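Down below is the structure, laid out as structure tokens.
Derivation of every value follows stated rules applied to the coordinates shown; laboratory data play no part. Just so it is clear, the model here is predicted, and its values are computed rather than measured. Quick reminder, even Gly has a Cβ in these numbers, built from the backbone with ideal geometry, and neighbours come from all protein chains shown.
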Amino acid sequence: MTTTIALAGKGGTGKTTVAALLVRYLIEERSGPILAIDADPASNLHFVLGMELYQTIGEIREDMLDQVQTSGALAGSMPGGMSKQEYLDYQVQMSLVEGEQVDLLAMGRPEGQGCYCAANQMLRLILDRLKRNYDYVVIDNEAGMEHLSRRTTRDVDVLLLVTDPTQRGLITAQRMQEMVPELEIGVGHVYLVLNRLRSAGPDADGAVPEPLARAIDQAGLHLIGTLPEEPSMPEFEFTGRPLVELPADAGLYQAVRKIADDILYDGSKR
């Protein structure tokens, strides 16, 4: 059975970093295959995972739309005599970046005004079938949760709303939680992850400032864990070194591990 963890939050709060470190945790602690889905149009997850990216699902859809419009493929077969379903299936498989234990799929930008709705439906079926081959799926979503709202994924077991300790970040997380009933997919649990908290980490007291704790409570958000500022982050950013190579004892990685333990080992939170 597949366990799906999705991440969302205001831009710049560290969703992609947390997603990458969750993938690292699963590689180190779990034996099953992992599918990492980059559902942010900016497509940065491959950088922090240290993987190459060649093509996005959005580009596949747009290419098929172009062929339909220019060659009339809608009424017949795609190149090579394949049906449109077979063609999309083949292209999705070719766009899958394969790693040792983790594979990566980038969604690219959502469909635009000239969207090819038949292709979108076929893609949903293909992605749904593809994800059944993995024990874990980690989705790095964009701020608006566009791909989740368009039902491009199956049910989500855990939705992590990542925020920094700011009012705007917290308000965004609250609004996202309120959006969940409108997504038309099943979401098992919704948790808040508070990133870049100076009092977090193994060498700090981990206390959330009282005004912030009160705001989280008033927003009706369930805080699952806090993440510290990582001193080595600027070095990784400027050198392009994958964040999954953070030292094992780094406070940020250890904090992500604790959150993952709470999510995956506590049966009540599955």
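Between D155 and R241, what length comes free when the chain is fully extended (0.36 nm per residue of separation minus the Cα-Cα distance, one decimal in nm)?
Working: separation 86, 0.36 × 86 = 30.96 nm, distance 3.30 nm.
Contour length minus the Cα-Cα distance gives 27.7 nm.
Around H46, under 9 Å between beta carbons, what's the net of Lys plus Arg minus Asp minus Glu among the other residues? Before the final figure, lay out each step's value.
Values: positive: none; negative: D38, E52.
Charge balance near H46 sits at -2.
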